[in-house]
Amino acid sequence: MNAETVKAGVKSISRVITENREYLIKLDQQNGDGDLGISMSEGFTTVENFFNKTEETDLGKLMMQAGGVLNESAPSSLGTILSFAFIGMAKSLK
């Protein structure tokens, strides 16, 4: 695993979330406030854009930065949980 494979993985996740944005909104409207598709699409798109611009190759630093970017751009419960997941991975990859 290296920075390029992580970036490619996040790009794939971002694409799937964006393709299913409306479906995620409809699912979330059944039991929540309906913002899941919006926040996840925007969050992962922002992380993908960050990955496209950064030259960071250290996986720990890359994941730590990605956690911060996701937390800022997807201020929802799941956004926070996923941000902590990125940060947890960063600590393991230190």
- Query: So is ILE17 open to solvent by 40 Å² or more (accessible area, probe 1.4 Å) and either at positive phi or in a helix (DSSP H, G or I) (or both) or not?
  - Reply: no
- Note on the structure: With the first residue restricted to region 37-50 and required to be under 15 Å from THR80 (Cα atoms), and the second required to be among the hydroxyl-bearing types (Ser, Thr, Tyr) and open to solvent by 50 Å² or more (accessible area, probe 1.4 Å), Cβ contacts under 6 Å at 6 or more apart or on different chains are SER41/THR18
- Within region 42-60, how many residues turn out to be of a type in the set (D, E, K, R) and touching a helix residue (DSSP H, G or I) at 6+ places or on another chain (Cβ under 7 Å)? 3
- Query: Of all residues in region 42-86, which are open to solvent by less than 70 Å² (accessible area, probe 1.4 Å), more than 19 Å from THR5 (Cβ to Cβ) and assigned to a helix (DSSP H, G or I)?
  - Reply: GLY43, THR45, THR46, GLY68, SER73, LEU78, GLY79, THR80, SER83
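Here's the yes/no breakdown for (1) at pLDDT 95 or above; (2) in contact with a Leu (Cβ under 7 Å, 6 or more places away or on another chain); (3) of a type in the set (D, E, K, R):
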position	(1), (2), (3)
GLU4	no, no, yes
LEU24	no, yes, no
ILE38	no, no, no
PRO75	no, no, no
- Hits in region 22-33 - residues which are surrounded by 15 or more Cβ atoms within 10 Å (Cβ to Cβ) and charged (D, E, K, R): ASP28
- Query: If you scan region 23-41, which residues turn out to be part of a helix (DSSP H, G or I) and in contact with a helix residue (DSSP H, G or I) (Cβ under 6 Å, 6 or more places away or on another chain)?
  - Reply: LEU24, ILE25, ASP28, LEU36, GLY37, SER39, MET40, SER41
- Task: Can you work out which of the residues in region 1-36 that are of a type in the set (Gly, Ala, Ser) and farther than 21 Å from ILE81 by Cβ is nearest to the chain's Cα centre (by Cα)?
- Result: ALA8
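The values are calculated or read from the model by the stated rules, or taken from the named source; none is laboratory data. Please read all numbers here as calculations on a predicted model, not as lab measurements. Reconstructed Cβ throughout: ideal geometry from the backbone, glycine too, with neighbour counts over all protein chains shown. Accessible surface is based on the protein model in full, side chains and every heavy atom, while ligands, DNA and RNA are left aside. Shrake-Rupley method; radii C 1.70, N 1.55, O 1.52, S 1.80 Å.
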